[in-house]
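A.B. asks: The structure that follows is given in the form of structure tokens.
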Amino acid sequence: GKGFFQSGTFSAHPIVMAAGLATLKQLTTEAFAHLNALGERLRAGLNALFAERKIAARAVGVGSLFSIHFTAEEVVDYRSLARTDKHKAHQVFLSLLAQGYFLNSALSMCAVSLPMEHRHVDGLIDAVANAIRKV
């Protein structure tokens, strides 16, 4: 017969399946509210920092996800994303790494996590402020 090919690094791996199930059990309505609040606090805090320092940057995202783009324009498509200052983003990434914050090296598609608290988000905002000072 005609079958189909499906491939994936973690497809049906028992440990990954158990981890996925454990994660789903943790994701209650309250957990999503917590994640969304952390994400909103982080994006708002970063954007306030950028406005206060007159930095051409913006934090965007939804829910627990966030990206930091160094640009004065709104990032709405791949063309506007291509015009962002990737060198500055990488310099900020390196500074954050030195301060103990490991984000995506392009500062995009990052996420807060369930164990995090407001103090962790505020610490990241402070670390970005320190990184911008150095860059």
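The values are calculated or read from the model by the stated rules, or taken from the named source; none is laboratory data. Small disclaimer: the values here were computed from a predicted structure and weren't measured. FYI the Cβ positions are ideal-geometry reconstructions off the backbone, even for glycines, and counts take in every protein chain you see. Please note that ligands, DNA and RNA were not included when accessible areas were found on the heavy atoms of the full protein model with its side chains. Shrake-Rupley method; radii C 1.70, N 1.55, O 1.52, S 1.80 Å.
A.B. asks: Placing +1 at every Lys and Arg Cβ and -1 at every Asp and Glu Cβ, with all other atoms neutral, what dipole size does segment 1-61 have around its Cα centre, in debye to the nearest 20?
C.D. replies: I would put it at about 220 debye.
A.B. asks: Given all pairs of different Cα atoms, what value in angstroms does the Kirkwood hydrodynamic radius of the chain take?
C.D. replies: 16.7 Å
A.B. asks: Within the chain, what's the longest stretch lacking chymotrypsin sites (Phe, Trp or Tyr not before Pro) that sit in DSSP loops with no more than 14 other Cβ atoms inside 10 Å?
C.D. replies: My reading of the result: 11-101 is the longest stretch.
A.B. asks: So if each residue of separation counts as 0.36 nm, and I subtract the Cα-Cα distance between Ala51 and Arg83, what length gain in nm does that give?
C.D. replies: Going from the current span to full extension adds 9.5 nm.
A.B. asks: I'd like the carbon and sulfur percentage of the solvent accessible area for segment 53-105, probe radius 1.4 Å, heavy atoms only, ligands and nucleic acids excluded.
C.D. replies: 58 percent
A.B. asks: Build a GNM of the chain with springs between Cα atoms under 10 Å: which of Gly20, Gly100, Gly39 gets the top mean-square fluctuation?
C.D. replies: Evaluated over the chain, the most mobile residue of the options is Gly20.
A.B. asks: Could you give the accessible area per residue of the chain, probe 1.4 Å, as a whole number in Å²?
C.D. replies: 65 Å²
A.B. asks: I've got another one for you. Per DSSP H run of at least 4 residues, take -39500 (n - 2.57); add these up for the chain, divide by its residues and hand me the 222 nm value, nearest 500 deg cm²/dmol.
C.D. replies: Dividing the helical sum by the residues of the chain leaves -17500 deg cm²/dmol.
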